[in-house]
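In what follows, a single structure is set out as structure tokens and then discussed.
What follows draws every value from the coordinates through simple rules; no lab data is involved. Here the structure is a predicted model, which is why all the values come from computation and not from measurement. Here the Cβ is made from the backbone with ideal geometry for all residues, glycine too, and neighbour counts use every protein chain on show.
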Amino acid sequence: MKSALAVTITLSLFASVSQAEPGTPCAQSRAVVGQCFVVHGRMFFPNGNPPVRILRIGTKRILGVLDGANSDESDDVLPADLRKRLGPEWDKYEVYGAFDVCPLTHERAGHMQFVCLKDVGQVLLKQSP
């Protein structure tokens, strides 16, 4: 009986920390490790992973943007309205705005913090040099 209880507890713990399914909205993701917050910054699209990053204005801090399933490979990395505004040549722009993000990793000095993007406001698009 003890081993059945241990298996049940282990399985329920595993289920609670498992990754979210692709397409999971950022705010509903089980991968979020803290409270969501607003960052004023510049979103840019460099080569490499993750391909979407946010530079916090006034700092050297860069946030790597993933989707709610902790992936950088889905269309859900960016909110639909921002994807629509950027169009098919999204990597030709820098996006300035107020980014509502949720942390997927804890902040550590010298390391990129990963976040998912819940929403963006006060958007200003600028062509990349």
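Data overview
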quantity: Among the listed pairs Lys84/Lys126; Lys92/Lys126; Lys60/Lys84, those beyond 18 Å (Cα-Cα); calculated: Lys60/Lys84
quantity: Using a Förster distance of 22 Å, the FRET efficiency for Gln35-Ser128 (Cβ separation, nearest 0.05); calculated: 0.10
quantity: Partners for Lys118 among aspartates and glutamates (Cα-Cα distance below 19 Å; same-chain residues under 8 apart left out); calculated: Glu21, Asp67, Asp72, Glu73, Asp75, Asp76, Asp81, Glu94, Asp100, Glu107
